[in-house]
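Student: Below you'll find the structure I mean.
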Amino acid sequence: MFKNIVMALTLALVILAGSATVFAADAPVPDPSGASIGTAADVVNATSGAPSADDMDKFKESEPLATKLADVVGHNRIAINMVWTLICGFLVMFMQAGFALAETGFTRAKNAGHTMGMNMMVYAIGMLGFWICGFGLQMGGSGGAAALGGGAVLNSEFTITMFGKDFGLFGTKGFFLGDDVYDATVLTMFLFQMVFMDTTCTIPTGSMAERWTFKHFCVYGFFISMFVYPLYANWVWGCGWLSTLGTNFALGHGVVDFAGSSVVHMTGGVAALAGAICIGPRLGKFRADGTANALPGHHIPMALAGCLILAFGWFGFNAGSTLAGGDLRIGVVATNTMLASAGGAMSALLYMWMRYGKPDISMAANGMLAGLVGITAPCAFVNPLSAVIIGVIAGVLLCVSVLFVENTLKIDDPVGAISVHGVNGAWGMLAVGLFSDGTYGDKLNGVDGAVKGLFYGDASQLLAQLAGIGVNIIFVFTIMFIFFKVSSKFIKMRVAPELEQEGLDQAEVAVLGYPEFSINKTHR
């Protein structure tokens, strides 16, 4: 009996195994190693699932395998670059939080809500201004970006002809992101360019903090995002006339600014200078004899946290400017960025320590930012040793500039924005013309060969960089100074003295950053 039962069970198992084998032969075979994933079969219906046998037959008959594979490889390459660019754009957007914390921490508690409010709303105001016409003026004639798949619909640049050469002045397409530029590549470019522009807009909020009316700030936000930033950015990044100094006049590769030392930071710093001059110093900043009073920031831990957030976001700022995750230079760019920030922090710390006998942590934090600003233009074109040198010089320049602006020029800049971004933005541009080592940048701005600076045999690149610096100072300062002077005649620019004394939070933005602090207390 037992023997019969065993034989019956054995026969049943054989039958089941046979049927299972037949089923497995007709079904897809599992691939635990993943070795068979991503073959030529995935070329057909690459975005909609596995191809059928009929699809494969049609595919083999219609086009050569190499052509189809090339299409898919090309699509994936663009997809990788687009995702890379968007993620880096998200990192740059997060820098807005860093600016908000740094500026608020470096100013007084009675104005914390107002300073934070400006840093938050400049993001929204700047974005809308850039959407209305800023992006079109900047990129409307740029021709798009090959790394992102084209964007060739951005094909309209207003130019003038002089000396037999064309000089691009501004784009004329892309306003309101209308249907004529409703394109995946264009919208990706808009997001990435917008967060860069917004960095510029937020810089003067630090130099003019604690006495700027919110109404005037709002008007400023639209003006700089719609006109001032886009025009200079067009000349350098939008195929405008500064970028063509190489092809037109053999000045290196034209003005080269990889990630925005001049386009972003210097523009913001020069605007901050114009604004700080026009609005005047805070009450109590200067004594009757002209010497400066210290008005300490209320929350140094907050400010330092903001600076570290900015340093983190800067990796998106600089490495993202390749617009290509497949460009392996991103590792060099990121490492140079990191090293320059360390050089700036350390040199600023040591400078203040040697001069005043104690390390100044707030100045070291700004030194880190100065190093980052200084490396932003040359980050893709220099080696690590040069990156450290650029950062070290930036940290010392910051300290010297802050003291000069305050003690000699008698300009009140609560957060050091003029020195961090303006002075070191100019230094970053010079660094391109000095330290670029000829290992990267072939075909940049239509010029053959990699970018080389003076120390590597090309003095003409330094001349181009000097032209970019000069144009930025003259154009941005003149336009912004006129704007501040004229607009203040119609919209009050500075708050009343009694409000400045009390604090701007409740009067200007209807909140108190620290409700437990009475205006009668000294925690200001």
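Student: For region 250-268, indicate whether the set of residues that are among the aromatic types (Phe, Trp, Tyr) and touching a helix residue (DSSP H, G or I) at 6+ places or on another chain (Cβ under 6 Å) is non-empty.
Tutor: Yes - at least one qualifying residue is present in region 250-268.
Student: For region 151-165, how many residues meet the condition of being farther than 24 Å from Met194 by Cα and surrounded by 16 or more Cβ atoms within 10 Å (Cβ to Cβ)?
Tutor: Final tally of qualifying residues: 0.
Student: A further question on this structure: Output the number of residues of region 99-127 satisfying the condition of being under 24 Å from Gly367 (Cα atoms), within 14 Å of the chain's Cα centre (by Cα) and surrounded by fewer than 23 Cβ atoms within 10 Å (Cβ to Cβ).
Tutor: 0
Student: Does region 348-360 contain at least one residue that is at pLDDT 95 or above and within 24 Å of Gly113 (Cβ to Cβ)?
Tutor: Taking every residue of region 348-360 in turn, none turns out to be at pLDDT 95 or above and within 24 Å of Gly113 (Cβ to Cβ).
Student: Further question on the same structure: From Gly428, Gly441, which residue is within 19 Å of Cys239 (Cα to Cα) and under 21 Å from the mean Cα position of the chain (by Cα)? Break it down into steps so the answer makes sense when it comes.
Tutor: Working: Gly428 fails: within 19 Å of Cys239 (Cα to Cα).
From the options Gly428, Gly441, the qualifying one is Gly441.
Student: Right, next: Could you say which residue among Phe135, Phe158, Phe130, Phe170 is in contact with a Pro (Cβ under 9 Å, 6 or more places away or on another chain) and not in a helix (DSSP H, G or I)?
Tutor: On the way: Phe135 fails: not in a helix (DSSP H, G or I); Phe158 fails: in contact with a Pro (Cβ under 9 Å, 6 or more places away or on another chain); Phe130 fails: not in a helix (DSSP H, G or I).
Within the list Phe135, Phe158, Phe130, Phe170, the selection yields Phe170.
Student: All but one of (1) within 30 Å of Ala510 (Cβ to Cβ); (2) free of Cβ contacts under 8 Å to residues at least 24 places away in the same chain; (3) hydrophobic (A, V, I, L, M, F, W, C) hold for Met162; state the number of the condition that does not hold.
Tutor: So the condition that Met162 fails would be (1).
Student: Name the residues in region 357-388 that are within 22 Å of the chain's Cα centre (by Cα), assigned to a helix (DSSP H, G or I) and either among the charged types (D, E, K, R) or surrounded by fewer than 24 Cβ atoms within 10 Å (Cβ to Cβ) (or both), would you?
Tutor: Scanning region 357-388 gives Pro384, Ser386, Val388.
Student: Mind checking which residues of region 479-498 are in a helix (DSSP H, G or I) and either among the small types (Gly, Ala, Ser) or buried (at least 16 other Cβ atoms within 10 Å of the Cβ) (or both)?
Tutor: First, pick out the residues of region 479-498 that are in a helix (DSSP H, G or I): 479-487, 497-498.
Passing the criteria: Ile479, Met480, Phe481, Phe483, Phe484, Ser487.
Student: Here's another thing I want to ask about it. Pick out the one residue from Pro204, Pro230 that is more than 30 Å from Gly297 (Cβ to Cβ), crowded, with 23+ Cβ neighbours inside 10 Å and either at pLDDT 95 or above or hydroxyl-bearing (Ser, Thr, Tyr) (or both).
Tutor: Pro230
Student: While we're on this one: Residues to consider are Gly260, Gly306; find the one that is farther than 19 Å from Arg108 by Cβ and out of contact with any strand residue (DSSP E or B) (no Cβ under 8 Å at 6 or more places or on another chain).
Tutor: Gly260
Student: Picking from Gly416, Gly422, which residue would you name as being touching a residue at least 40 places away in the same chain (Cβ under 8 Å), crowded, with 22+ Cβ neighbours inside 10 Å and either under 24 Å from Gly240 (Cβ atoms) or over 22 Å from the mean Cα position of the chain (by Cα) (or both)? Lay out the reasoning, then the answer.
Tutor: On the way: Gly416 fails: either under 24 Å from Gly240 (Cβ atoms) or over 22 Å from the mean Cα position of the chain (by Cα) (or both).
Within the list Gly416, Gly422, the selection yields Gly422.
Student: Same structure again: Going through region 61-98 one residue at a time, which ones are among the hydroxyl-bearing types (Ser, Thr, Tyr) and either surrounded by fewer than 19 Cβ atoms within 10 Å (Cβ to Cβ) or at pLDDT below 90 (or both)?
Tutor: Ser62, Thr67
Student: Take region 280-311 and flag every residue that is surrounded by fewer than 19 Cβ atoms within 10 Å (Cβ to Cβ), in a helix (DSSP H, G or I) and of a type in the set (Gly, Ala, Ser).
Tutor: The one that is surrounded by fewer than 19 Cβ atoms within 10 Å (Cβ to Cβ), in a helix (DSSP H, G or I) and of a type in the set (Gly, Ala, Ser): Ala305.
Student: For region 427-448, how many residues are under 19 Å from Val333 (Cα atoms) and free of Cβ contacts under 8 Å to residues at least 40 places away in the same chain?
Tutor: Counting residues in region 427-448 that are under 19 Å from Val333 (Cα atoms) and free of Cβ contacts under 8 Å to residues at least 40 places away in the same chain gives 5.
Student: Further, regarding this structure: Select from region 398-413 the residues that are β-branched (Val, Ile, Thr) and in a loop (DSSP other than H, G, I, E, B) and write down the one among them that is surrounded by the fewest Cβ atoms within 10 Å (Cβ to Cβ).
Tutor: Here the residue is Thr408.
The values are calculated or read from the model by the stated rules, or taken from the named source; none is laboratory data. All values derive from a computational prediction rather than experimental measurement. Note that we place each Cβ from the backbone using ideal geometry, even for glycine, and neighbour counts take in every protein chain shown.
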